[in-house]
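Here the structure comes first, spelled out in structure tokens, and everything after it is commentary.
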Amino acid sequence: MRFGEIPLDEAEGAILAHSLKTEGLTYRKGRRLSGEDVLALREAGITDVIAAVLEPGDVHEDEAARLIAEAAAGAHVTVEKPFTGRVNLHAGSAGLVVVERGRIDRLNLIDESVTIATLPPLDPLTAGQMVATIKIIPFAVRESVLERCLEVAREGEPLVRVAPYRHLDVALIQTRLPSAKETVLDKTVAITADRVAAAGGRLISEARSTHETEALA
């Protein structure tokens, strides 16, 4: 990858390193300049840009992040669309995150251009929660680096997966103290039902009694 000040005559296909605003034009960082972009910049009086030019053997950041993310994602994990060299992984269901920590550490040590971060092992998750992110630091990585990362990601179990909660039907019993208000007990039912549902279960019944052993028996 060639990075730095690129003459406009060589800038078609280059990736902008910084956002650029001039003469009514606004191009965001990371934009791959088209022929039309180059023409518009030339008409605005621009002669060069700070950008990255990919060379043979380079893999664009989005493509590299996508390939690593797809190799890393296991059961009950969804892969987001790549953006600016990043792909986020999300839980497809409530459960516990399971990570192959040793191999993730090995992947992170391959090259400073590639990094993967996850939640701590066995963290509880709700459906849709982000569990990991893959980030390509520069605008591209060497194909040889990508191949080594994919080799580690594919050698065994997926690097990141979710162990979903087992569905359970739950019954709630509340004991009533003389000072307890029914509204407080009602609120407890609602809160408990939400917590059980978040873990993939359901609250199927609720009963109340005085705060005595005989009443519970």
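On the given criteria, is Glu112 more than 21 Å from Val162 (Cβ to Cβ) and surrounded by fewer than 17 Cβ atoms within 10 Å (Cβ to Cβ)? Outline the logic, then answer.
Working: more than 21 Å from Val162 (Cβ to Cβ): yes; surrounded by fewer than 17 Cβ atoms within 10 Å (Cβ to Cβ): yes.
When the stated conditions are applied, Glu112 passes them.
Condition check: under 15 Å from the mean Cα position of the chain (by Cα) and more than 25 Å from Tyr165 (Cα to Cα). Does Leu54 satisfy that? If you could, list the steps in order and put the result at the bottom.
Numbers: under 15 Å from the mean Cα position of the chain (by Cα): no; more than 25 Å from Tyr165 (Cα to Cα): yes.
For Leu54, the condition - under 15 Å from the mean Cα position of the chain (by Cα) and more than 25 Å from Tyr165 (Cα to Cα) - is not met.
Among (1) surrounded by fewer than 16 Cβ atoms within 10 Å (Cβ to Cβ); (2) farther than 20 Å from Glu63 by Cα, where does Leu125 come up short?
Here Leu125 clears every test but (1).
Considering each of Glu70, Glu112, Glu12 in turn, give the residue that is more than 30 Å from Val196 (Cα to Cα) and modelled with pLDDT under 95.
Glu12
Specify which of the listed residues (Gly74, Gly57, Gly85) is in contact (Cβ under 8 Å) with a residue 40 or more places away in the chain and farther than 25 Å from Met1 by Cα.
Numbers: Gly57 fails: farther than 25 Å from Met1 by Cα; Gly85 fails: farther than 25 Å from Met1 by Cα.
Result: Gly74 is the single residue among Gly74, Gly57, Gly85 that is in contact (Cβ under 8 Å) with a residue 40 or more places away in the chain and farther than 25 Å from Met1 by Cα.
Out of the strands (runs of 3 or more DSSP E) lying entirely within segment 133-217, which hold 1 or more residues that are open to solvent by less than 40 Å² (accessible area, probe 1.4 Å) and at pLDDT below 95?
Counting at least 1 such residues, we get 140-142, 169-176, 202-210.
Show the residue pairs that are 6+ apart or on different chains and have beta-carbon atoms under 8 Å apart, the first residue being within segment 141-159 and without any contact (Cβ under 8 Å) to a residue 60 or more places away in the chain, the second being among the β-branched types (Val, Ile, Thr).
The qualifying pairs are Val145/Ile110; Val145/Val114; Arg148/Ile110; Val152/Ile110.
Among the listed residues Asp111, Asp123, which satisfies the condition of being closer than 16 Å to Ser93 by Cα and free of Cβ contacts under 8 Å to residues at least 40 places away in the same chain?
Residue meeting the stated conditions: Asp123.
Looking only at residues that are closer than 23 Å to Thr126 by Cα and assigned to a helix (DSSP H, G or I) in segment 62-105, which one is most open to solvent (accessible area, probe 1.4 Å)? Can you show your working first?
Taking segment 62-105 as the starting set, the residues that turn out to be closer than 23 Å to Thr126 by Cα are 69-82, 86-101, 104.
So of that shortlist, the ones also assigned to a helix (DSSP H, G or I) come out as 69-72, 101, 104.
Values: Ala69: 0, Glu70: 95, Ala71: 18, Ala72: 0, Arg101: 159, Ile104: 12 Å².
Filtering first and then ranking leaves Arg101.
Determine if segment 37-50 includes at least one residue that is touching a helix residue (DSSP H, G or I) at 6+ places or on another chain (Cβ under 7 Å), assigned to a loop (DSSP other than H, G, I, E, B) and without any contact (Cβ under 8 Å) to a residue 24 or more places away in the chain.
The answer is no; no qualifying residue exists.
So which residues in segment 106-132 are hydrophobic (A, V, I, L, M, F, W, C), touching a helix residue (DSSP H, G or I) at 6+ places or on another chain (Cβ under 8 Å) and not in a loop (DSSP other than H, G, I, E, B), if there are any at all?
Here is the first cut: in segment 106-132, the ones hydrophobic (A, V, I, L, M, F, W, C) are 107, 109-110, 114, 116-117, 119, 122, 125, 127, 130-132.
When the remaining residues are screened for being touching a helix residue (DSSP H, G or I) at 6+ places or on another chain (Cβ under 8 Å), the result is 107, 110, 114, 116, 132.
Those that are hydrophobic (A, V, I, L, M, F, W, C), touching a helix residue (DSSP H, G or I) at 6+ places or on another chain (Cβ under 8 Å) and not in a loop (DSSP other than H, G, I, E, B): Leu107, Val114, Ile116, Ala132.
The values are calculated or read from the model by the stated rules, or taken from the named source; none is laboratory data. What you see is a predicted model, and the numbers here were worked out from it, not measured in a lab. FYI the Cβ positions are ideal-geometry reconstructions off the backbone, even for glycines, and counts take in every protein chain you see. In case anyone asks, the SASA skips ligands and DNA or RNA and just uses the protein heavy atoms, side chains included. Shrake-Rupley method; radii C 1.70, N 1.55, O 1.52, S 1.80 Å.
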